Amino acid sequence: MPAVFLKDRSLLFVSGADAQSFLQNLITTDISSLGPDEARPGALLTPQGKILFDFMIWQDGDGYMIETDAGQRDGLLKRLTMYKLRAAVTLAPSTEEGVTVCWGEDAEGSQGVRDSRFTKAGITLIRRPGKLGDGKEELYDALRISHGIVTSGSDFALQDAFPHDVLMDFNGGLSFRKGCYVGQEVVSRMQHRGTARRRVVTVSAATALPETGTEITAAGKPVGTLGSVEGGSGLAIVRIDRAGAAMAAGTPLLAGETPVSLALPAWSGLVFPATADEASA
């Protein structure tokens, strides 16, 4: 596949003697175990455990590069600066704008960092700052949709989703072992009590799916909301207990008026609970 330039991505560089400890005590990702050529997802949470900012992060020399949506970068920079206090940390926007991604044969031998979300799904995808290709963004969107990989804005609203909702507990973006960070108590409680009910699913239909934001229902009751859409394929965040019960009962699932089928990403290892008892197990 050709290299695809993602023009709406921006970069922020974090450096200094305290860069690792500063980030380690704030964000969901365990950056102490980051490989030298690995990019992992991460988030800065609200105290209530919801995603305030989401991003990819990787090592860059003696510091860390954070890749986020262009609309989030200034807000993220401001929030990190607020937490900085007396830490020996420098926060600076990168001069590079946008990120290029490539996968398949184009990724072999390419410089850049490997996106751990796609690695979990069995795909080698390389991310690299700057414009290094002219492939259509729709190609990248189709790839991530087919493998259940979400993006904020299209698939979920910031300050509305927990990390579990977007599978960060499975894709390397959420640590339960590194100690305290903002929102950690809430997400740890969700993990240990097994109370995560909303999850990312892939959505498929025999015809074109309706637009992003369309409600998915079973017997007229809401199950979730449609996110990214490419033709008859899409993503959604749904209540898997409600969806599983509907599927077990043979109740049709609809996105608007369109019949759909739902599947949990294979790499997550999750299955739909068929009853309320299974959902709380």
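A few comments on the model shown:
- Distance from the alpha carbon centroid of region 99-134 to that of region 235-276 works out to 31 angstrom.
- Across the options 118, 13, 99, the greatest Cα extent toward the positive end of the charge dipole of region 1-154 (unit charges at beta carbon of Lys, Arg, Asp, Glu) belongs to 13.
- Sorting 32-43, 47-58 by their mean Cβ neighbour count within 10 Å, with the most densely packed peptide first, gives 47-58, 32-43.
- Mean Cβ count within 10 Å, highest first, over the residues of peptides 139-152, 251-264, 83-96: 139-152, 251-264, 83-96
- Global form of the chain, assessed from the alpha-carbon gyration tensor, a/c cut-off 1.5: oblate
- Rounded, prolate or oblate (a/c below 1.5 giving rounded, otherwise prolate when a/b exceeds b/c) for region 125-262 by Cα gyration tensor: oblate
- Dipole size of the chain about its Cα centre, with +1 on Lys/Arg Cβ and -1 on Asp/Glu Cβ: approximately 880 debye, rounded to the nearest 20.
- What a 1.4 Å probe finds exposed on the chain is 49% carbon and sulfur by accessible area, rounded to a whole percent.
- Note that region 1-132 presents 45 Å² accessible area per residue, ligands and nucleic acids not counted, probe 1.4 Å.
- Charge-dipole axis of region 1-74 as Lys and Arg at +1 and Asp and Glu at -1 on Cβ define it, positive-most pick from 59, 33, 70: 70
- Qualifying chymotrypsin sites (Phe, Trp or Tyr not before Pro) for region 159-199 [loop in DSSP, other Cβ within 10 Å: at most 14]: 176
The values are calculated or read from the model by the stated rules, or taken from the named source; none is laboratory data. Note that the coordinates shown come from a computational prediction; the quantities given were computed from them, not determined experimentally. With ideal geometry, Cβ positions are generated from the backbone for all residues, glycine too; neighbour counts draw on all protein chains shown. Keep in mind that these areas ignore ligands, DNA and RNA; they rest on the heavy atoms of the full protein, side chains included. Shrake-Rupley method; radii C 1.70, N 1.55, O 1.52, S 1.80 Å.
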